[in-house]
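Undergrad: Mind having a look at this structure? Questions to follow.
The values are calculated or read from the model by the stated rules, or taken from the named source; none is laboratory data. Predicted model, so just to flag it, every value in this text is computed and none were measured. Cβ placement follows ideal geometry from the backbone for every residue including glycine, while neighbour counts extend to all protein chains displayed. These area figures cover heavy atoms from the full protein model, side chains too; ligands, DNA and RNA do not enter into them. Shrake-Rupley method; radii C 1.70, N 1.55, O 1.52, S 1.80 Å.
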Amino acid sequence: MASPHCNARPDNTEVDLLVIHSISLPPGQYGGPYIDEFFLGHLDIDAHPYFSEIATLRVSAHLVIDRTGRVTQYVPFDARAWHAGQSMFCGRENCNDFSIGIELEGLETDTYTPAQYETLAEVTQAILEAYPAIDRSRITGHSDIAPGRKLDPGPGFDWDLYFNKLDQLTGPTSGK
């Protein structure tokens with residue numbers, strides 16, 4: 001699905017960061033059309049009271065992995081998705097410029113499904129192959145690049161499980 005909430009990356013920008021996020025719309029509810037509608041720019045603000053709070057936001061992600069492990073792509077990897085907002089990683093600001101953003105359908109206070117971890121590891125393997133500047137030390141959470149502002153993917157995200165599944169596909173790596 002092609003989100004209008006993206007643009008070209010700055011010239012000569014190497015993609016070297018993978019950011020894990022979480023999203024559910026309305027918060028804590030899974031399934032339904034609302035994530036698609038939000039990232040595509042046509043969220044029905046009358047469908048839920050919370051939607052009026054986010055109606056003016058223009059955000060997207062490269063990918064969303066739903067609770068069943070299904071992947072939806074909204075922005076091509078070579079384009080800049082508007083997923084990180086004000087952010088910094090290793091002293092570099094504007095993480096949208098040089099990162100790929102993956103949203104897991106979930107809530108930062110909830111856990112994620114086995115299917116999501118499986119799919120996330122598989123997608124990550126493909127990203128690591130296509131973008132060799134990304135390694136395990138350059139995979140992070142939204143909360144790490146926007147501390148105090150964002151909490152996702154949250155304490156319910158099992159980094160050890162994720163990296164173990166990734167190691168099964170790619171072999172052990174160093175870093176986080």
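Undergrad: Is it true that some residue in the stretch 124-137 is outside any strand (DSSP E or B), more than 15 Å from LEU18 (Cα to Cα) and of a type outside the set (Lys, Arg)?
TA: no
Undergrad: Is it the case that the stretch 53-61 has a residue that's in a strand (DSSP E or B), farther than 17 Å from ARG149 by Cα, modelled with pLDDT of 95 or more and under 16 Å from the mean Cα position of the chain (by Cα)?
TA: The answer is no, given that none of the residues of the stretch 53-61 is in a strand (DSSP E or B), farther than 17 Å from ARG149 by Cα, modelled with pLDDT of 95 or more and under 16 Å from the mean Cα position of the chain (by Cα).
Undergrad: Given the structure, is ILE100 in a strand (DSSP E or B) and crowded, with 20+ Cβ neighbours inside 10 Å?
TA: Against the criterion (in a strand (DSSP E or B) and crowded, with 20+ Cβ neighbours inside 10 Å), ILE100 qualifies.
Undergrad: Give THR72, THR111 a once-over and let me know the one that is in a loop (DSSP other than H, G, I, E, B) and of a type in the set (Ser, Thr, Tyr).
TA: Just one listed residue meets the conditions, THR111.
Undergrad: Could you list, in sequence order, all residues of the stretch 12-41 that are open to solvent by 10 Å² or more (accessible area, probe 1.4 Å) and either among the β-branched types (Val, Ile, Thr) or not in a loop (DSSP other than H, G, I, E, B) (or both)?
TA: Selection gives THR13, VAL15, SER22, ILE23, TYR34, ILE35, ASP36, GLU37, PHE38, LEU40.
Undergrad: I would also like to ask the following. Give the residues of the stretch 42-70 that are of a type in the set (Val, Ile, Thr), in contact with a Ser or Thr (Cβ under 6 Å, 6 or more places away or on another chain) and open to solvent by less than 70 Å² (accessible area, probe 1.4 Å), sorted by residue number.
TA: VAL64, ILE65
Undergrad: Something else: Any residue in the stretch 161-176 that is under 22 Å from TYR34 (Cβ atoms) and in contact with a strand residue (DSSP E or B) (Cβ under 8 Å, 6 or more places away or on another chain)?
TA: no
Undergrad: Could we say that GLY85 is open to solvent by less than 60 Å² (accessible area, probe 1.4 Å), in a loop (DSSP other than H, G, I, E, B) and farther than 21 Å from VAL123 by Cβ here?
TA: yes
Undergrad: Given the residues ALA126, ALA133, which is the only one that is open to solvent by less than 70 Å² (accessible area, probe 1.4 Å), without any contact (Cβ under 8 Å) to a residue 12 or more places away in the chain and over 13 Å from the mean Cα position of the chain (by Cα)?
TA: None of the other options fit; the residue is ALA126.
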